[in-house]
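Presented below is the structure to which this report refers.
The values are calculated or read from the model by the stated rules, or taken from the named source; none is laboratory data. Given the structure is predicted, the values throughout are model-derived calculations rather than measurements. Note that each Cβ is placed from the backbone with ideal geometry, even for glycine, and that neighbours are counted across all protein chains shown. For accessibility, only protein heavy atoms count, side chains too; no ligands or nucleic acids. Shrake-Rupley method; radii C 1.70, N 1.55, O 1.52, S 1.80 Å.
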Amino acid sequence: MEFAVVIVALVVAEIVFAGWVKKNGADKKTWLRARIVLRAVEFAIALAARLLPAWGMQWRFSALVAVTALLLVWAVAAYALRRNRVSGARKTGALVGGIVASVLAFAVALVPALVFTGYKGLPTTGSYQVKEASAILVDESRRETHETDGSAREVPVHFLYPDAEGSYPLIVFDHGSFGYWESNYSTYAELASNGYVVASIENPYYALFTHDTAGQLITVDPQFMQDAVSLQNGEAASKPEDELEQEWMSVRDADMNFAIDTIEAASASGELDDAWYVATDADRAAVLRALGMVDASKIGTMGHSIGGAAAMDVARQRDDIDAVIDLDGTMLGEVQMQGGTQVFASDPFPVPLLALNNERHGRQYTEGNPDGTEYVNQYVVEHAADARSLTYAGTEHMDFTDLPLLSPVLASMLGKGSVDSREFIPQMNRVVLSFFDYYLKGVGDLDQLE
C-alpha cells in the first residue's frame, strides 16, 4: 500500500511537471529552473515516507530519500552551470525520456518498500504493556572462529518483558538459519504481555545480520549460507551433512547455554559483570529491570528450525529447563550418523516438549523420510517422557515465523504455505502460550494441544 501511494505520487509529479512545460512552451532555461522545484517536491514526498510514523519500518524508504536528494542536488548544480548556455524549447522526446528515467530510478530505490511491508507486530492479548531491552554477551571462554583477531565470541540478546513488577518465567528463543532476533517478534510480545520475560538471542555469522560491541554490522557467513542452501537443495556441500549440522549445533548450543548461565547469574546478583555490554545507561537500566523480573526456577527454551533443535539440545544438557517448544525444526541433536546409519538418542527426551510442524514435516511423522528411514522427530515424540506434536495444514517452514507479515515476497521464496498468516500466527501464539502457562505457571489446560 505505502509503495503504491509513494510511486503514484512521484509519477504524478513527473507528469504534471512535463505537462506544465509543454503547456507553457517553457524553454530549456526555464525548464532547468522549474526542475529544481520538481526535485524538491519529490524529495519532500520521499522524506515524508521516511518519517511518517503511521507506516512503520520507515527505513524502507531510505534509498528513495537518497536518490531524490541526489536528483535535487543535480538539478541545482545543472541550473547553476548551464542556465546561460542553453536555449530553445525542451523537446517532447526528452521530456518523456526524463520521466521514464526518473520513474525507473524511483522504482529501484523503492524495492525495499516493495519487498517489506509496514509490519509492526500483532495485537497482544495479555494485560501487560511490553517493554524492550538489548545487550551483547561476551563469552571470554570462546574465541570467534569467524574472525582472525582472537576476539571473544559475542552473543546479542534482546529482552521483551512486562511493564510491571513481579517475578516471571524466562523463555529463551533461538532463531533459524539466516534468521535474526525479531523472527518471531509477535510470539515474544504475546508471551511478555501475559507475564513472561523473553530473551531472544542471535548467533553471529549464522544470523542474517547483527551487530558487535564495536557497532560493526555482522552479516551471515557466506560459506555457511552456501552449505545450508546446498543441503536444502540436496546438493554436495563443503563437508558431509552430519558433520556440518553438528558444527552448527555446537555453536548454537554454546551460545544458548552461555546466555542462560549469564542471565541467571545477573538475575541472582542484580548486577551486570564484564560479560555484559550495554550501549547506554538507559540500556543498562532497562536490562537490569528485565533481569530483576526473571524467575530462574521456571525456564523454557524455544526456537525455529535449527534454533528449535538447539532449544531441545540445551534442555537435554541442563537440569534447569522445564519446557521446550520446537517450531518446525528437525531435531538434529537427537540423531547421529554412524557408519551411514541413523542412530537415535537412547534416552527418552526428558523435558515436556511441544513440536509444531508444517504440513510436509507432518507427513514425515507417518510416512518417514523420503529415503525410507524413520523421521527423527517421530521417534523422539513417540519415546519422550512427555511430548506433543501438532501439524498445521497449508503451512510451510516460514509460516512459523513473522516473515510472511514482514515480507510476503521473501516468505514465498523461502517457504510460504496457503494459510492466512494474520490468522495462523495468533493461533500458533495461543498454543505456545497455553503450553508454557501449563508447564511453567501451572495454570490452564492442554485442550488446544490435543
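Okay, residues lined up against (1) touching a strand residue (DSSP E or B) at 6+ places or on another chain (Cβ under 9 Å); (2) of a type in the set (S, T, N, Q); (3) more than 21 Å from Gly329 (Cβ to Cβ):
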residue	(1), (2), (3)
Pro404	no, no, no
Val409	no, no, yes
Gly415	no, no, no
Ser418	no, yes, yes
Arg422	no, no, yes
Gln427	no, yes, no
Leu433	no, no, no
Phe436	yes, no, no
Val443	no, no, yes
* Say whether the condition of being in a helix (DSSP H, G or I) and without any contact (Cβ under 8 Å) to a residue 12 or more places away in the chain is met by at least one residue in the range 203-219. => no
* **Tabulated pairs, the range 417-444, first in a helix (DSSP H, G or I), second open to solvent by 60 Å² or more (accessible area, probe 1.4 Å) and of a type outside the set (A, V, I, L, M), C-beta under 6 angstrom, 6+ apart or interchain** => Val431/Gln448; Ser434/Gly444; Ser434/Gln448; Asp437/Gly444; Tyr438/Gly444; Leu440/Lys298
* under 12 Å from Leu354 (Cβ atoms), aliphatic (A, V, I, L, M), at pLDDT 95 or above and surrounded by 14 or more Cβ atoms within 10 Å (Cβ to Cβ): does that describe Val419? -> no
* **Unmet criterion (only one of (1) in contact with a Pro (Cβ under 9 Å, 6 or more places away or on another chain); (2) of a type in the set (Val, Ile, Thr); (3) buried (at least 24 other Cβ atoms within 10 Å of the Cβ)) for Val198** => (1)
* Limited to the range 116-141, what total is found for residues that are hydroxyl-bearing (Ser, Thr, Tyr), at pLDDT 95 or above and in a loop (DSSP other than H, G, I, E, B)? -> 4
* Structure fact -> The lone condition Gly368 fails out of (1) touching a residue at least 24 places away in the same chain (Cβ under 8 Å); (2) open to solvent by less than 30 Å² (accessible area, probe 1.4 Å) is (1)
* **Residues of the range 227-285 that turn out to be open to solvent by 70 Å² or more (accessible area, probe 1.4 Å) and within 21 Å of Gly333 (Cβ to Cβ), as a count** => 7
* Asked: Given (1) among the β-branched types (Val, Ile, Thr); (2) closer than 21 Å to Glu243 by Cα; (3) touching a Ser or Thr at 6+ places or on another chain (Cβ under 8 Å), where does Val220 come up short, assuming only one miss?
  -> (3)
* Please state which one of His397, His383 is closer than 27 Å to Ile321 by Cβ and open to solvent by 60 Å² or more (accessible area, probe 1.4 Å). => His383
* Structure fact -> Residues of the range 132-154 being buried (at least 17 other Cβ atoms within 10 Å of the Cβ) and touching a helix residue (DSSP H, G or I) at 6+ places or on another chain (Cβ under 7 Å), in sequence order, are Ala133, Ser134, Ala135, Leu137, Asp139
* Is it true that some residue in the range 96-118 is over 29 Å from Phe43 (Cα atoms) and more than 25 Å from the chain's Cα centre (by Cα)? -> no
* Structure fact -> From the option list Thr395, Thr341, single residue qualifying as touching a Gly at 6+ places or on another chain (Cβ under 8 Å) and over 30 Å from Lys131 (Cα atoms) is Thr395
* Determine if the range 174-188 includes at least one residue that is of a type in the set (A, V, I, L, M, F, W, C) and outside any loop (DSSP other than H, G, I, E, B). => no
* For the range 319-334, does any single residue satisfy the condition of being modelled with pLDDT of 95 or more, open to solvent by 50 Å² or more (accessible area, probe 1.4 Å) and over 17 Å from Glu247 (Cβ atoms)? -> yes
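Okay, residues lined up against (1) in contact with a Gly (Cβ under 8 Å, 6 or more places away or on another chain); (2) of a type in the set (Ser, Thr, Tyr):
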position	(1), (2)
Ile325	yes, no
Leu356	no, no
Gly362	no, no
Tyr365	no, yes
Val376	no, no
* Selected residue [modelled with pLDDT under 80 and either closer than 20 Å to Ala80 by Cα or assigned to a helix (DSSP H, G or I) (or both)] from Trp55, Trp59, Trp20 -> Trp59
* Residue list for the range 286-318, filter: crowded, with 20+ Cβ neighbours inside 10 Å, of a type in the set (A, V, I, L, M, F, W, C) and part of a strand (DSSP E or B) -> Val294, Ile299, Met302
